[in-house]
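Notes to accompany the following structure.
The values are calculated or read from the model by the stated rules, or taken from the named source; none is laboratory data. Given the structure is predicted, the values throughout are model-derived calculations rather than measurements. Positions of Cβ are generated from backbone atoms using ideal geometry, with glycine treated the same way; all protein chains shown enter the neighbour counts. Areas reflect the complete protein model, heavy atoms only, side chains present, ligands, DNA and RNA absent. Shrake-Rupley method; radii C 1.70, N 1.55, O 1.52, S 1.80 Å.
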Amino acid sequence: MTTFKWGFVGAGMIAKKALYPAISRSNVGEIYAVASRDAEKAMTISPKGKIYTDYDQLFADPEVDGVYISLPNAFHLPVAMRAMKAGKHVLCEKPLGMNAAEVREAIEVSEKAGVLFVEASWNRWHPRTQRIEEIVKSGQLGAIKRIRAAFTYDGLDDANIRLDPTIGGGILYDLGPYSTVAPLWLMDFPAVTDLRVQSVRHSGGVDETTRVNYKLGNTVCETVGSCNIPETSWLIVDGEKGSAKMLGDNVFNSRHADSKLEVTIDGKVSIEHFGPVDPYQIMADNFARKAMGGSDWVMPLSQSLRFAQLFDAAFAQIK
C-alpha cells in the first residue's frame, strides 16, 4: 500500500499533541516534513524528517502528498491557497477562513487545482458523533423540536493567541466550529432564521462568551461557547418521540476515552457505549485515503461554507 506523505505547516500545540501522535500510529500516512519559522520546534515533530523554515519550500517538495495546516486562524486560508496552488492536498484546522467570502475563494482554488481541501473539525469523525447524526436523520426521534449545544472552559491566559484579535482570535472561531454549528449538520443544513446573538467581550476586544440561538425550520437551537465559564459541554436533541443526549464532559472533544450516548424513544431509555478512539487519526487516515482515490468520508466543503455563513451573520450582530 502506498504511504501518504504529510507535510506539516506549523509546529504548535495542536500539531504536536494531536496530529503528530495520530499520524505516528497510522499505517496509512507518515510525517515526511515540517515547515515552521522555528526550526527547533519543527524538530520536535519531525526529528527524522525534513525541516523547512519556508512554507513555500515545503509546498515545492515533490515528495509531499498533502499538507496539514495548524497556524493561527487568520493565516489558515492564505497559506492553504498557496499549498493548493502548488498542487498539494490540504487538511486545515478550523475555521477555514475569517469569513464566507474567503472560504468561497479557497473552494474555487481547490477545484481549479484538483486537490482535496478539508476542514479539520475532528469531532465529526468520532463514531458517537456520527451515531447521533444517524439517529436524528433516521426519524426515530420524530420531528426535532429543540437542540441545545454547549462547549465552555475557563482560565484562558490573556496572552493566549485565542484572544488575539489580530490573528483571528475569539471564542466563536475557537469553539463555534463545535457547538454553534452542531444543529446545522444534525438537521442537514436548512435555512437559518430568527438568529439572536449575545456576546461578552474580552478586554482585548474579542468575544469570550457567545450565545448563538437560531431556528432551523421549526427546530429551536440554543448554543453557547465560552472561555470564562467552568468547563462543560453538552449536545441534547429533543424530538416529538424522544431524545438523544451525548453524556459526559467530553461531548465535542472525546479522544482516547470511553463515551456514551443516551437515547430515549417512546419512554424507553437505552445507553450506547463507544470505546476509546482517536478521531484525529480517523480524520487523517480518511483524508489520506480519499486523497489517494478512496471513498472514505471527509467533511464536505459545502458544510464549511455554511458554517462560515452562520459565523458571518453572528459576527454582524456582535459588532
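Can you tell me which residue within segment 203-212, out of those that are open to solvent by less than 40 Å² (accessible area, probe 1.4 Å) and not in a loop (DSSP other than H, G, I, E, B), is modelled with the lowest pLDDT?
Among those residues, the one meeting the criterion is Asp207.
Go through segment 224-238 and give me each residue that's buried (at least 21 other Cβ atoms within 10 Å of the Cβ) and part of a strand (DSSP E or B). First the steps, then the outcome.
Our first condition is that a residue be buried (at least 21 other Cβ atoms within 10 Å of the Cβ); within segment 224-238, this holds for 224-227, 233, 235, 237.
Those that are buried (at least 21 other Cβ atoms within 10 Å of the Cβ) and part of a strand (DSSP E or B): Val224, Gly225, Ser226, Ser233, Leu235, Val237.
Which pairs have Cβ atoms under 9 Å, sit 6 or more apart or on different chains, and link a residue in segment 43-60 that is over 17 Å from Gly12 (Cβ atoms) and in contact (Cβ under 8 Å) with a residue 24 or more places away in the chain to one that is assigned to a loop (DSSP other than H, G, I, E, B) and open to solvent by 80 Å² or more (accessible area, probe 1.4 Å)?
Cβ pairs passing all conditions: none.
Can you name every residue in segment 304-319 that is in contact with a Phe, Trp or Tyr (Cβ under 9 Å, 6 or more places away or on another chain) and surrounded by fewer than 17 Cβ atoms within 10 Å (Cβ to Cβ)?
If the condition is that a residue be in contact with a Phe, Trp or Tyr (Cβ under 9 Å, 6 or more places away or on another chain) and surrounded by fewer than 17 Cβ atoms within 10 Å (Cβ to Cβ), then Ala313 is the only one that fits.
Out of the residues in segment 253-277 that are charged (D, E, K, R) and touching a Gly at 6+ places or on another chain (Cβ under 9 Å), which is surrounded by the most Cβ atoms within 10 Å (Cβ to Cβ)?
Just the residues of segment 253-277 that are charged (D, E, K, R), to begin with: 255, 258, 260, 262, 266, 268, 272.
Keeping just the survivors that are touching a Gly at 6+ places or on another chain (Cβ under 9 Å) gives 258, 260, 266, 268.
Numbers: Asp258: 12, Lys260: 14, Asp266: 8, Lys268: 8.
Here the residue is Lys260.
Give, as residue ranges, the strands (runs of 3 or more DSSP E) completely inside segment 31-93 that count at least 1 residues that are under 14 Å from Leu19 (Cα atoms), at pLDDT 95 or above and aliphatic (A, V, I, L, M). Spell out how you get there, then give the answer.
Values: elements: 50-52, 66-69, 89-92.
The qualifying strands (runs of 3 or more DSSP E) are 66-69, 89-92.
Okay, residues lined up against (1) within 17 Å of Pro177 (Cβ to Cβ); (2) open to solvent by 60 Å² or more (accessible area, probe 1.4 Å):
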residue	(1), (2)
Tyr52	no, no
Tyr55	no, no
Leu58	no, no
Ser70	yes, no
Pro78	no, yes
